[in-house]
């Protein structure tokens, strides 16, 4: 017996999802390495700093980094929901909400919908905002709709 539950058994209907465990490994930082001094930069190199996250990192990589940074238990349940076409990760219900959408689609309407969940903490990807006005207004929207929420951008 290999330890798997046959699909025809009653046990398979009781546990429709993966009931295994998470395996995590330590890796380098998700943030892009910046080793330039101000005098060594010129306008031709400024495109290198548009996104501060390494291109090979997934949303899950960023989520676990944020969980570690905030001291959130890595064994808590994580649920992925789609709000306005964007993936949002909810950790332990309202402990943490994270949206790492990089398509510059986070706008004030999306932020208001997310604030209605009243998470304790929320994190966004800096490059994911539609424009600078949306990014500036995030904290104000949360102060108005969910004042207890701690807001962070990567």
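A short reminder: the numbers here are calculations on the coordinates, not readings from a lab. What you are looking at is a predicted structure, and each value in this text was computed from that prediction instead of being measured. Here the Cβ positions follow ideal geometry from the backbone for every residue, glycine too, while neighbour counts run over all protein chains shown.
Below are the figures for this structure:
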item: Simple spin-label estimate for residue 136 and residue 22 in nanometres, 7 Å along Cα-Cβ; result: 3.6
item: R0 of 25 Å, Cβ-Cβ distance residue 112-residue 79: FRET efficiency to nearest 0.05; result: 0.75
item: Pairwise label distance in nanometres, residue 144 with residue 87, each label 7 Å out on the Cα-Cβ vector; result: 3.1
item: Packing-based ranking, highest mean first, of 58-66, 116-124 given that Cβ atoms within 10 Å are counted; result: 116-124, 58-66
item: Inter-label distance, nm, simple model (7 Å from Cα along the C-beta direction), residue 103/residue 153; result: 2.0
